[in-house]
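Heads up: the structure comes next, in structure tokens.
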Amino acid sequence: MRESVNDGVPMVGSSNRIRYALTLALFAGLAFFAWKSGRKVYEEGPSLQIAQAGDAVVLRWAHGVEAPMAERFAAAFAAWKDKTRRFVIELDSPGGALVEGRLVIAEIEAMKATHEVDTYVGAGGDCLSMCVPIYLAGEKRSAAADARFMFHEPSSYDFATDEKVKRPGFEQKMTSEKFFERYFTQSEMNPEWREKLRANWRGRDLWFTAEELVEQQSGVVERVE
């Protein structure tokens, strides 16, 4: 049966097409905004400080674990890989996004395939939350005695409001276990110290100085400088 116009009211099929077109336009606008915002992050986002120290190239990141961190490390490695055999990644970070942290660790692992890559946290510096797995990716791991490290379970945040989201207990436990297995169980942590961490970090922020981590033979920090 053909649809018709009655008393100036648009056909049902025509109305659906209009809504469909408006939906497409909305998604196209959102896609353009996301592309433009993403491009702006890479053009104007935090920078990586690069310096030479003896035979090493030091890559210093003093920001949150967020885009474009992984891209900055990839670009620095591409620019310097033929000029050195050793990189030192100096971290001073409050932590941040799990996804970006995962990308950064992947870049470090790629660097380690051909170069020596060590990690370091300087005097007064912090390595908190997602920064810790990045630090653990270093082949040799050192820090100033007063450098601070903080361990806690991963948290979720609302994309729109940036507010912390409380998950059901079973979801939080599953996410925490996955995080722990991926970044700590496969790391150079002392197994005995790691199991104490597993037992104590539920719902808590656990703080240690580098000196304490060395004294406890944690395997996180190998030596203080």
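If I ask for residues that are crowded, with 19+ Cβ neighbours inside 10 Å and over 12 Å from residue 74 (Cβ atoms), which ones from the stretch 106-117 would you list? Don't jump to the end; show me each part of the working.
To start, the set of residues in the stretch 106-117 that are crowded, with 19+ Cβ neighbours inside 10 Å comprises 107-108, 111, 117.
Across the stretch 106-117, the qualifying residue is only 117.
Is it the case that the stretch 127-134 has a residue that's surrounded by fewer than 17 Cβ atoms within 10 Å (Cβ to Cβ), at pLDDT 95 or above and either outside the structural domain of residue 220 (by TED's automatic domain parsing) or assigned to a loop (DSSP other than H, G, I, E, B) (or both)? Steps first, please.
Of all residues in the stretch 127-134, those surrounded by fewer than 17 Cβ atoms within 10 Å (Cβ to Cβ) come to none.
Within the stretch 127-134, not a single residue is surrounded by fewer than 17 Cβ atoms within 10 Å (Cβ to Cβ), at pLDDT 95 or above and either outside the structural domain of residue 220 (by TED's automatic domain parsing) or assigned to a loop (DSSP other than H, G, I, E, B) (or both).
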Residue tally, condition closer than 20 Å to residue 100 by Cα and in contact (Cβ under 8 Å) with a residue 40 or more places away in the chain, over the stretch 183-197: 3
Unique residue being farther than 19 Å from residue 129 by Cα, surrounded by 16 or more Cβ atoms within 10 Å (Cβ to Cβ) and either in contact (Cβ under 8 Å) with a residue 40 or more places away in the chain or in contact with a Lys or Arg (Cβ under 7 Å, 6 or more places away or on another chain) (or both) when the list is 48, 59: 48
Flag for residue 87 being in the same structural domain as residue 182 (by TED's automatic domain parsing), in a strand (DSSP E or B) and of a type in the set (Phe, Trp, Tyr): yes
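When you check residue 117 against the structure, is it modelled with pLDDT of 95 or more and outside any strand (DSSP E or B), yes or no? Write out each step before concluding.
Details: modelled with pLDDT of 95 or more: yes; outside any strand (DSSP E or B): no.
No: the conditions fail for residue 117.
The values are calculated or read from the model by the stated rules, or taken from the named source; none is laboratory data. Not measured: the values here are computed from a predicted model. For neighbour counting, all protein chains shown are included, and Cβ atoms are generated from backbone atoms with ideal geometry for every residue, glycine included.
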